[in-house]
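The values are calculated or read from the model by the stated rules, or taken from the named source; none is laboratory data. No experiment lies behind these values; they were computed from the predicted model shown. Backbone-built Cβ (ideal geometry, glycine too); neighbour counts: all protein chains shown. Surface areas here come from the heavy atoms of the whole protein model, side chains and all, with no ligands, DNA or RNA. Shrake-Rupley method; radii C 1.70, N 1.55, O 1.52, S 1.80 Å.
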Amino acid sequence: MPLSVSIITPSYNQGRYLERTIRSVLEQRHPLEYLVMDGGSRDESVEILQRYSAELQWVSEPDRGQADAVNKGLARATGEIIGWLNSDDIFYPGAVAAAADFLTRRPDIDVVYGNGNHIDEQDRVIEPYPTEDWDFERLKERCFLCQPAVFFRRRLVERFGPLGVHWRYALDYEYWLRLGKGGVRFARIGAVLAGSRLHPETKTLGSRVKVHAEINDMLRSLLGRAPDRWLYNYAHAVLDDRGVPRRSRRFSAEVAALAWWSALRWNHRISPPMLRQGGQWLGGAVLR
């Protein structure tokens, strides 16, 4: 017998996209429980939710952010499988059935994820999301799971707790790492399950330095240190924010200096590989 499914959508002032998100869930043609946790939107979101009241459960009230909204949904959800779809993302047809069928057939797997696309404001594909096969060590270096294409068993919430409400940008990445660190088994399926929307209001696009700083905070908190790759990513984000051309002669040297500073800030030490690489970049800049 197929496992029951609950889909949770956190939402706040996303009326421009909300109906497309809702319809992508309701058109799945797979039995499911759908919960929309709205944070007290002041746009047309509540009117949209009222139109779909017969087909989904919803509340609209102040919350403490996206993670808190998802957690409210988790507390109400009754399905054995949980999917989390933000109010500007979409499922592709057959996504829920593919995830539910896989987890029904594979009781040894607790999290299944598929491929995804980055999409624009009109749902057009910008590029495939850089999804990879499961590797926990690799996950420490790169978040290769497309969040709306991930489905997990509700029992994990009982074991590992809900999302961390203090994370604004890294809430999904922290959760996948937390589960992986705890030995949870993940599996990837080849189907494209979801579209993750990129638009000017997306919080991760408009705050790249803050995003990378929070990721480093999270990694240090969860893993004890921020990997070198994420320290370099932070350095690149800072220089991009400052408008430093990537092809400028001193760009590599500035990345090296910022990465060293970042390593001292988050790890209180600079790793030998970073010292060697940074020394080469800085030396090259001096010799030019």
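Among the residues of the range 39-52, what is the count of those that are among the acidic types (Asp, Glu) and open to solvent by less than 10 Å² (accessible area, probe 1.4 Å)?
So the first thing to find is which residues in the range 39-52 are among the acidic types (Asp, Glu), and the list is 43-44, 47.
Imposing the further condition that a residue be open to solvent by less than 10 Å² (accessible area, probe 1.4 Å) reduces the set to none.
Selection size over the range 39-52: 0.
Mind telling me which of the residues GLU44, GLU27 ends up being of a type in the set (Asp, Glu), more than 30 Å from THR104 (Cβ to Cβ) and in contact (Cβ under 8 Å) with a residue 12 or more places away in the chain?
On inspection, the qualifying residue turns out to be GLU44.
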request  = Run down ASP88, ASP123, ASP108, ASP133 and say which single residue is open to solvent by 10 Å² or more (accessible area, probe 1.4 Å), part of a loop (DSSP other than H, G, I, E, B), charged (D, E, K, R) and touching a helix residue (DSSP H, G or I) at 6+ places or on another chain (Cβ under 6 Å).
outcome  = ASP88
inquiry  = Looking only at the range 136-166, how many residues end up being assigned to a loop (DSSP other than H, G, I, E, B) and in contact with a strand residue (DSSP E or B) (Cβ under 8 Å, 6 or more places away or on another chain)?
reply    = 3
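With VAL244, VAL286 as the choices, which residue is at pLDDT below 90 and part of a loop (DSSP other than H, G, I, E, B)? First the steps, then the outcome.
Working: VAL286 fails: part of a loop (DSSP other than H, G, I, E, B).
Residue meeting the stated conditions: VAL244.
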task = Among residues belonging to the range 229-249 that are open to solvent by less than 30 Å² (accessible area, probe 1.4 Å) and touching a residue at least 40 places away in the same chain (Cβ under 8 Å), point out the one that is farthest from the chain's Cα centre (by Cα).
result = LEU231
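Looking at LEU223, is it over 28 Å from ARG16 (Cβ atoms), touching a residue at least 60 places away in the same chain (Cβ under 8 Å) and either of a type in the set (Asp, Glu) or open to solvent by 20 Å² or more (accessible area, probe 1.4 Å) (or both)?
Numbers: over 28 Å from ARG16 (Cβ atoms): yes; touching a residue at least 60 places away in the same chain (Cβ under 8 Å): yes; either of a type in the set (Asp, Glu) or open to solvent by 20 Å² or more (accessible area, probe 1.4 Å) (or both): yes.
So LEU223 passes the test.
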Test result for GLY182, closer than 26 Å to ASN233 by Cβ, more than 14 Å from the chain's Cα centre (by Cα) and open to solvent by less than 60 Å² (accessible area, probe 1.4 Å) = yes
ask   = Being open to solvent by 10 Å² or more (accessible area, probe 1.4 Å), in contact (Cβ under 8 Å) with a residue 40 or more places away in the chain, in contact with a strand residue (DSSP E or B) (Cβ under 9 Å, 6 or more places away or on another chain) and not in a helix (DSSP H, G or I), is that true of even one residue in the range 169-177?
value = no
task = Test each condition in (1) touching a Leu at 6+ places or on another chain (Cβ under 7 Å); (2) surrounded by fewer than 19 Cβ atoms within 10 Å (Cβ to Cβ) for PRO128 and report the one that comes out false.
result = (1)
key: Pairs with Cβ under 9 Å, 6+ apart, first in the range 74-100 and within 18 Å of GLU27 (Cβ to Cβ), second of a type in the set (Lys, Arg) and part of a helix (DSSP H, G or I)   = ASP88/ARG16; ASP88/ARG20; ILE90/ARG20; ILE90/ARG23
key: Selection from the range 169-189 of residues that are over 21 Å from ARG76 (Cα atoms) and either at pLDDT below 95 or hydroxyl-bearing (Ser, Thr, Tyr) (or both)   = TYR169, TYR173
Inter-residue pairs, beta-carbon under 6 Å, first within 13 Å of HIS166 (Cα to Cα) and in the range 47-70, second part of a helix (DSSP H, G or I), 6+ apart = ASP63/ALA69; ALA67/LEU171
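Go through the range 25-51 and give me each residue that's outside any strand (DSSP E or B) and either under 22 Å from ALA100 (Cβ atoms) or among the hydrophobic types (A, V, I, L, M, F, W, C) (or both). Steps first, please.
First, pick out the residues of the range 25-51 that are outside any strand (DSSP E or B): 25-32, 39-51.
The answer is VAL25, LEU26, GLU27, GLN28, ARG29, HIS30, PRO31, LEU32, VAL46, ILE48, LEU49.
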ask   = Pick from ALA253, ALA263, ALA259, ALA194: which is over 30 Å from ILE90 (Cα atoms), touching a Gly at 6+ places or on another chain (Cβ under 8 Å) and at pLDDT 95 or above?
value = ALA259
Output for the range 11-38, where each listed residue is open to solvent by 10 Å² or more (accessible area, probe 1.4 Å), under 19 Å from ASN71 (Cβ atoms) and not hydroxyl-bearing (Ser, Thr, Tyr) = GLN14, GLU33
